Structures are given as structure tokens and as C-alpha cells.
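Here the structure comes first, spelled out in C-alpha cells, and everything after it is commentary.
The values are calculated or read from the model by the stated rules, or taken from the named source; none is laboratory data. Quantities reported herein were computed from a predicted structural model and do not represent experimental measurements. No Cβ is skipped: glycine too gets one built from the backbone with ideal geometry, and neighbour counts run over all protein chains shown. The protein model used for the area step is the full one, side chains on, heavy atoms only, and it has no ligands, DNA or RNA in it. Shrake-Rupley method; radii C 1.70, N 1.55, O 1.52, S 1.80 Å.
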Amino acid sequence: MMNHKQRKVFSEIEEIELQLLLEGIYRYYGFDFRNYSLPFLKRRIWNRMRAEKVSSISGLQESVFQNPHVMEKILNDFSINVTEMFRDPRFFLSFRKNIVPILRHLPYIRIWHAGCSTGEEVYSMAILLHEEGLYEKTRIYATDINESVLSIGKRGKFSLKKMQLYTKNYHAAGGKSSFSEYYTAENENATFDSFLTKNVVFAQHSLATDRSFNEFHVIICRNVMIYFNKTLQNRVYNLLNESLCISGILGLGSKETMKFTSIANSFREVDTFEKLYSKIN
């Protein structure tokens with residue numbers, strides 16, 4: 001059994017191995033996870049080590065560089081794929097009540113869903129805008145670092161077992177129709193109507209390394225920042241700020257805040273509880 005000093009040395013070696021792994025992934029594959037939250041990274045790496053049956057991070061590193069399929073698994077491990085239709089319904093209800101009236105006055109609307117995962121919240125936004133008569137003049141850009149989850153979003157095919165929860169979320173978010181009108185049930189899947197993606201562009205984009213690619217009226221980046229360290233959080237907040245037009249709307253996750261960031265004074269709160277902000281300068 002290791003004593004305290006031995007455990008400390010082991011922890012230091014492990015952190016060095018982890019940093020070397022992340023640096024290698026960035027240099028060889030171009031994915032930058034170096035500023036992700038350390039506890040988050042450790043949990044995912046330990047799980048992958050067990051799955052690959054290696055005893056050290058250095059052993060995992062060897063597998064990553066010799067087998068691209070292992071890298072694909074790590075990319076999926078590091079991707080934040082926790083999402084659902086109308087997730088946190090009160091956020092979408094607030095968006096419908098507080099933001100939609102602002103958007104009505106625009107001749108066209110550009111929305112960016114950053115870190116969209118498999119796209120359930122993108123479909124939710126498309127449905128909401130359709131019901132409010134705004135979808136036809138809207139272009140939604142749905143981005144994620146992981147192309148495999150984006151492909152799921154493009155197909156618009158989700159488990160039928162989830163529809164009961166999604167229907168409940170939809171109505172709690174102020175849905176105006178029958179949720180089942182938006183999808184067709186076939187076997188064990190629900191396939192959503194193709195009109196919901198006719199104004200959606202799915203594209204790979206890394207918040208850690210890529211730049212702004214347009215000016216948006218709305219940016220939704222929810223429950224993503226909590227997986228980043230302070231350095232990367234500041235980088236992303238500045239990226240989102242640069243990408244928003246004046247009076248543009250930023251939506252964050254319930255556990256995220258702009259307080260104590262360099263852009264805090266550039267925004268006013270629209271809904272404090274649901275983390276909706278408007279850019280003022």
C-alpha cells in the first residue's frame with residue numbers, strides 16, 4: 001500500500017503523462033483538449049484506460065497513436081453529448097416569451113448553436129421558431145467538435161423511447177401543437193420532419209481552436225463551458241462576444257455565468273435565472 005509521499009509522486013507522474021497525451025493528440029490529430037477541466041479529463045481517461053485494458057496513461061498514448069479507432073473513442077469520450085429535446089423547458093419558455101418578440105423585428109435571423117452535440121436542442125429551436133412564424137427567415141448553424149454526433153443530428157433520427165420525455169418537455173416549454181406532428185415513428189426510432197433542418201447548417205467547429213465564422217443575432221452555448229478550465233472559458237466567452245451583433249442574445253447553461261469574465265460589462269441580463277443575456281456594447 002502506497003504512503004502519502006508515494007501517492008503524491010504517482011499523482012505528479014500521472015499528470016505529466018496526461019499533459020503529454022493531450023499535447024500529442026493536439027499535434028497529431030489537431031484536437032485541443034489541453035484546457036479542458038482536469039477532473040473531467042481524468043474521469044474520461046481512466047474510463048478509457050479500463051476499456052482498452054491498459055495500466056497507464058502512457059500505455060493509452062501508445063494505443064492512440066498506433067490505432068486511429070482508439071482516438072475516435074477518446075474523441076467521443078471527451079465530447080459532451082448530454083442533451084435532449086427542449087432540455088430545461090423553462091429556458092425555451094423564456095426564450096419564447098422574452099426573445100421571440102425581439103426577433104420579430106429583424107428582416108432575417110442568424111442563430112449559432114455552439115457545441116450542439118447530436119442536435120436535439122437545434123430541432124427544439126427549429127420547432128419553436130416554426131410555431132412563432134420565424135423559421136422561414138432564420139438560418140441556424142449547428143456546430144460541434146465531433147463529426148460523428150453531427151451526423152446523428154443531420155439524420156434527425158432519435159430513440160422512440162425518449163419521445164415521452166421530449167413531449168413533456170415540449171409542452172412545458174410552451175409548445176403550441178402536438179409534438180408527435182413533428183416526427184414519424186418507425187420501428188424503434190422517431191424520424192423528425194426534414195423541413196426542420198432545411199434552414200440548418202451542421203458543421204464541425206472547435207471552440208478551443210477555431211475562430212468566429214459569422215455575425216449572429218442569437219448564440220446558444222449551454223452546458224459546455226463547465227467542462228473547460230478558466231483559460232479556455234475566457235477564450236470561448238470572447239469568441240462568443242466577437243460573434244454576436246449589438247443587441248444579440250446569448251444563452252448559457254444553468255450552471256454557467258459571465259460574472260467575473262472580461263465580457264461581463266458588455267451584456268445585460270434578460271432573464272437572470274434562465275441565463276439569457278443581451279449584448280449592449
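All conditions but one from (1) more than 15 Å from Ala208 (Cβ to Cβ); (2) open to solvent by 70 Å² or more (accessible area, probe 1.4 Å) apply to Leu60; the one that does not is (2). Within the span defined as region 72-89, one or more residues are touching a strand residue (DSSP E or B) at 6+ places or on another chain (Cβ under 9 Å), open to solvent by less than 20 Å² (accessible area, probe 1.4 Å) and at pLDDT below 95.
Only a single criterion out of (1) open to solvent by 70 Å² or more (accessible area, probe 1.4 Å); (2) within 30 Å of Ser254 (Cβ to Cβ); (3) of a type in the set (Lys, Arg) is not satisfied by Arg50, namely (2). Scanning region 232-265 for residues that are at pLDDT below 95 and of a type in the set (Ser, Thr, Tyr) turns up Ser254, Thr257, Thr261, Ser262. Of the residues making up region 240-256, those that are under 17 Å from Thr143 (Cα atoms) and open to solvent by less than 10 Å² (accessible area, probe 1.4 Å) number 7.
Checking each residue in region 102-135 for being under 21 Å from Ala173 (Cα atoms) and open to solvent by 50 Å² or more (accessible area, probe 1.4 Å) picks out Ile102, Arg104, His130, Gly133. Within region 259-270, the set of residues being part of a loop (DSSP other than H, G, I, E, B) and open to solvent by 10 Å² or more (accessible area, probe 1.4 Å) comprises Lys259, Phe260, Thr261, Ser262. Yes or no: Thr143 under 16 Å from the mean Cα position of the chain (by Cα), outside any helix (DSSP H, G or I) and among the polar types (S, T, N, Q)? Spelling it out, Thr143 is indeed under 16 Å from the mean Cα position of the chain (by Cα), outside any helix (DSSP H, G or I) and among the polar types (S, T, N, Q).
Those residues that are assigned to a helix (DSSP H, G or I) and in contact with a Phe, Trp or Tyr (Cβ under 6 Å, 6 or more places away or on another chain), I need them from region 12-43; list them, please. Across region 12-43, the qualifying residues are Leu22, Ile25, Phe40.
Taking the criterion of being outside any helix (DSSP H, G or I) and free of Cβ contacts under 8 Å to residues at least 60 places away in the same chain, the residues of region 49-81 that qualify are Lys53, Val54, Ser55, Ser56, Asn67.
Could you count how many residues in region 199-228 are part of a helix (DSSP H, G or I) and open to solvent by 20 Å² or more (accessible area, probe 1.4 Å)? So that I can check it myself, show each step before the final result.
To start, the set of residues in region 199-228 that are part of a helix (DSSP H, G or I) comprises 225-227.
In the following step, the residues that additionally are open to solvent by 20 Å² or more (accessible area, probe 1.4 Å) were identified as 226-227.
The number of residues fulfilling the criteria is 2.
Among the residues making up region 181-198, those that are in a strand (DSSP E or B) and of a type outside the set (Gly, Ala, Ser) are Tyr183, Thr184, Glu186, Asn189, Thr191, Phe192.
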